[in-house]
Each structure stands twice: as C-alpha cells, then as structure tokens.
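Enquirer: Here's a structure for you.
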Amino acid sequence: MHLAYPAVLAALLFCVGLYGVLARRNAILVLMSVELMLNAVNLNLVAFDVAFRDVLRSGQSFALFIIALAAAEIGIGLAIVLMVYRNRGTSAVDRLRDLADTDAGGTGGAADAPDPQDAADAAADAAGESAAASKKAEATA
Amino acid sequence: MTLAAETHGFLSPTGVEIVFLLTGLVTLGAAVITVTTRQLVHAALWLVVALGGLAVEYLLLTAEFVAWVQVLIYVGSVVVLLLFGLMLTRAPIGRSPDADSGNRWVALGVAGAAAVLLVTLVVDAFRTTWIDLDEPKGTTDLLGASVFRHWVLPFEALSVLLLAALVGAIVLSRKDGGSAEEVAGNPAGPVDAADDGGEG
C-alpha cells in the first residue's frame, strides 16, 4: 500500500479536527474535535511505523501511549467542563470571557474605540453572570 | 518486466488500497459530520463511526493490537464519557442553532489552508514510499515484547499519570468538598460553607 493514503487521510482528519476545535461552541464538542486530531496523529504513527519496519515498534507503542493519554485527558477535561457548567450554568466556550480585555478602550482611547460587539458581549456577560449569581444564591438559600 | 511491480502506480490500486480508501472516505465523512452537525448527541454517535473506521484502518495496516485497543478505549470508554458529559451539562436533544460559534468562517479558512498545505506536502514527500504489508507487524506478541522490553519506563510513567488523572478528576468533580452535607445539615450558614470548600 502506498504510504500516501494513510498520510493524506491523517492530514485531512487533523484538519477536520482543527475546524471543530475552532468553530464549535460547546466545550464537549471541542473535546471531541481534539480526539479527532489525536486520532489523526495516531494513524500517522502507526502507518509510518509499519512502513519503515521499526524494530523497536516505537510508532505503535507511542500510539498506545497516546490513546491512554487521550483517555486521561478526556477524563480531566470533562471534569473541568462539568465544574464550569456547575459554576456558570453554561458550557459554551465563547461565554467564558472573564479574562478578556473588555475595558481596554476606556483607558487608552487612542487606537481602537470600544466597538459595539464587545460592548454587547460585555452586557451579555454581565447578564449571564447575574443569572448565574442568582442561580447560585437560589441554590444556597 | 518487473518494472510494473516495482513502481506501484496509483492507477492500479491493490485490494487493500481500495478497502483503505473506502474506509477512509467513511471515516472522513463521519468526522466531518461530527464537527458540523447541530445535534450534539448525534455528534458523539458519529464520532463512534469515525473512531471505528480508524480501527479498521489500523487492521488494514496490520496493527491488530492498536486496533483493538482503539475499539476498547475510544469506542468503549471515551465516547461513553463524552455522552455522559453531554447529558450532565444538559445538552439540548434536538437541533441547537448555536452549536457553532461566530468565527466559523475563520475556522473554515484556517482548516482549509492547513489541509491544502499538509496534503500537498505529504503527497509530495511520500509519493513513492511503499508499505510492505506481507507479514503482520503489529500483533500482540510483537507489540507486547516491544512495550515491555524497550518501553517499560514510559509505560510505568504513564500508569502514574493515569493515577494522577484519576485523582484529579475525582477532586475536580466533587461537589464543593464536604460543604454539601454541611449545607444540607445546617441551613443557617450556607454562604461560608459554599465559598471555602471549593478546593477540598
């Protein structure tokens, strides 16, 4: 078999996973796309190991290690996503903007005016935060 | 006379190549549906198809052990974990219109550019490399001897990492340490108990 077949398939799978990581909103779907990218790497490792007849079987061994690492990663990732969901009430990655520089335009004011998109986002964030806070207060009361 | 057998042209594919190509198309299609569908649970189920297709590809590459590990761990446990995660975050069952974020077209551009670049590079680099699939190279026998002879130290380090991940997941997903019982038992002062128990 030509090595080009598995190599091209791995490259395309990696790019599909890349699209998913960049385009998805739900954090669990982002994790799924990360799994796709890891699997593309695994396919590359196995194909090159078989093609070059490695005596140490390093490609396949490393593919096994990556599978175990991916299992650990998905466990920790899901725990983090569940914790975020419990604290914030959402698992959309573009709503978690607490560390974003939303008020940068107010201090400098030279280069970029605060565009309405950011302002709307900040307002939505504030609304979401107050909702989450009220939910938390409700839960604790 | 033996020139045709040595060059291995792309226009006369072998049976293994045809099966690999068809399985690869199914895998790629399932992966594309996984990242584009608007039904979140369907994304997890299409991921099963993609990962199972990859297991078949490993089998075609004579890497049996990796194929079965893929079926056991990915299809068996990772997808189940993802489904549990979807249920625990109350993902909508039907079509959710906001499954994709606003930078979808940027993501499409980045992924397309990466795909063109990688495919061009890979095809140009490995156009003539031929995989000899006559004898199996990934049986449990061979791979077990390799892992437990040459790769023992990474294997043991990986077990420590799995233990750390287990403990970390338990610590992260505990409900506010011991304060949940405290809140339930003592409703008079719930605010302090809820605030200081996060890290356990």
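The values are calculated or read from the model by the stated rules, or taken from the named source; none is laboratory data. No experiment lies behind these values; they were computed from the predicted model shown. Cβ sites come from the backbone with ideal geometry, for glycine too, and all protein chains shown count toward neighbours. Keep in mind that these areas ignore ligands, DNA and RNA; they rest on the heavy atoms of the full protein, side chains included. Shrake-Rupley method; radii C 1.70, N 1.55, O 1.52, S 1.80 Å.
Enquirer: Looking only at other chains, what is the average number of their beta-carbon atoms within 10 angstrom of each beta-carbon in B:125-131? All intermediate terms of the calculation are to be shown ahead of the outcome.
Expert: On the way: counts 3, 10, 3, 3, 8, 5, 12.
So the per-residue partner count for this stretch is 6.
Enquirer: Compare the peptides B:15-22, A:38-45, A:91-98 by average per-residue count of other Cβ atoms within 10 angstrom and give them in order, highest first. Don't skip to the end; give the middle numbers.
Expert: Values: B:15-22: 14.2, A:38-45: 23.5, A:91-98: 16.1.
The densest-packed peptide leads the list: A:38-45, A:91-98, B:15-22.
Enquirer: Using a 1.4 Å probe and counting only protein heavy atoms, how much accessible surface gets buried when A and B come together, both sides summed, in Å² to the nearest 100?
Expert: Details: alone 10070 and 15220 Å², together 17980 Å².
Answer for the A-B pair: about 7300 Å² buried.
Enquirer: Shielding of B:47-55 by partners, i.e. mean partner chain Cβ atoms within 10 Å per residue? Intermediate values should be presented prior to the final figure.
Expert: Details: counts 6, 0, 0, 7, 3, 0, 3, 9, 1.
Mean shielding count: 3.
Enquirer: So, one more: Taking the Cα centre of each part, how many Å lie between segment B:136-174 and segment B:35-59?
Expert: 24
Enquirer: Let me ask something additional. Provide the packing ranking of B:75-81, B:134-140, A:25-31, B:26-32, i.e. peptides ordered by the mean count of other C-beta atoms within 10 Å per residue, highest first. Don't skip to the answer; put the middle values down first.
Expert: Numbers: B:75-81: 17.4, B:134-140: 14.1, A:25-31: 23.4, B:26-32: 20.3.
Going by the mean number of other Cβ atoms within 10 Å, highest first, we get A:25-31, B:26-32, B:75-81, B:134-140.
Enquirer: Using the alpha carbon gyration tensor of segment B:87-171, what are the three equivalent-ellipsoid semi-axes (square root of 5 times each eigenvalue), largest first, in whole Å?
Expert: Working: eigenvalues 261, 190, 38 Å².
Taking √(5λ) for each Cα gyration eigenvalue gives 36, 31, 14 Å.
Enquirer: Tell me the relative contact order for segment B:3-133 as a rounded percent, counting alpha carbon contacts under 8 Å between residues six or more apart. Display every interim value, and only then the final one.
Expert: Values: 86 pairs, mean separation 32.5, N = 131.
Reported relative contact order: 25 percent.
Enquirer: Over the alpha carbons of segment B:3-133, what is the largest minus smallest coordinate on each principal axis, giving the biggest first in Å?
Expert: Dimensions of segment B:3-133 along the principal axes of its Cα atoms: 61, 35, 18 Å.
Enquirer: In segment B:39-111, which trypsin sites (Lys or Arg not before Pro) fall in coil by DSSP and have 11 or fewer other Cβ atoms within 10 Å? Let's see the in-between values first.
Expert: Working: sites: B:90, B:95, B:104; in loops: B:90, B:95.
Loop-located and lightly packed - B:90, B:95.
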